[in-house]
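Read-outs throughout are calculated quantities, based only on the coordinates presented, and are distinct from any laboratory measurement. Everything numeric in this text was worked out from a predicted model, so none of it was measured. Cβ sites come from the backbone with ideal geometry, for glycine too, and all protein chains shown count toward neighbours.
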Amino acid sequence: MLMRTLLVRGMLAGLAAGALALVFAWIFGEPQVGHAIAFEDQQARLAGAAPAPELVSRTVQETFGLALGGLFSIAFALCYGRIGRFGPRATAALVAAGGFAAVELVPFLKYPANPPSVGNPATIGHRTVLYFTMIAISVTATIAAVQIRRRLAPRFGNWNASLLAVAAFIVLVTIAYLALPAVNEVPKDFPAVVLWRFRLASLGTQAVLWAALGLVFGALTERSLATAERRSGQVRVTRA
């Protein structure tokens with residue numbers, strides 16, 4: 001019953017976070033996408049080819065927050081009460097920060113987002129595999145770091161265990177950065193300012209998404225968890 005409640009709240013939080021991220025992307029990212037599409041269309045006309053179709057529809061992009069919220073609620077349920085004596089809001093904030101770092105920031109630093117017209121269409125499959133491989137490694141390294149902290153905390157204390165866990169995470173990610181090949185397919189004549197602003201807008205959109213998800217989910221969940229824990233305590237007292 002509680003998991004169902006968390007799942008519903010996660011999807012609602014994801015929907016709200018997705019809407020906020022969409023507004024941010026429309027304000028800061030849409031102009032850069034427009035410039036990139038114009039550049040792509042011009043290059044296609046010069047080459048006598050048709051413009052490339054949109055690979056990911058806006059409908060799919062807009063429903064991403066809903067699915068992410070459901071996954072976030074599952075991650076929250078797994079972490080709540082297991083990563084320290086944190087309340088629902090603090091746990092949701094930590095899960096959101098960890099999710100943003102593992103799923104977005106670390107892969108972004110290796111394979112940053114590119115606007116339309118950047119990249120060879122023939123290598124899109126290879127680039128997609130590399131990107132999702134980096135996400136998988138980053139998430140695995142995050143889980144390993146959490147486990148390392150939990151195991152070392154009783155012996156070294158919370159602070160030292162956290163430092164050792166962060167160090168282990170950095171080592172694992174660094175090895176992945178060095179092992180995976182680099183991708184550099186930006187056309188020489190592509191405007192550098194457009195590329196820079198697009199990447200900043202892309203990272204900012206994800207930051208807004210994860211921050212809003214953590215804050216909204218924490219606010220929605222705090223009261224319901226307090227009520228569930230209070231009822232559970234009353235049931236235990238009655239049975240005793």
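Place the peptides 13-25, 169-181 in order of packing, highest mean first, counting for every residue the other Cβ atoms within 10 Å and averaging per peptide.
13-25, 169-181
Using R₀ = 22 Å, calculate the FRET efficiency as 1/(1 + (r/R₀)^6) where r is the Cβ-Cβ separation of residue 127 and residue 71; round to 0.05.
FRET efficiency, residue 127 to residue 71: 0.40.
Round to the nearest 0.05 the FRET efficiency obtained for residue 5 and residue 64 when R0 = 25 Å and r is the Cβ-Cβ distance. Spell out each step's value before the answer.
On the way: r = 23 Å, r/R0 = 0.90.
Result of the calculation: an efficiency of 0.65.
By average Cβ neighbour count within 10 Å, what is the ranking of 134-146, 73-85 from highest down?
134-146, 73-85
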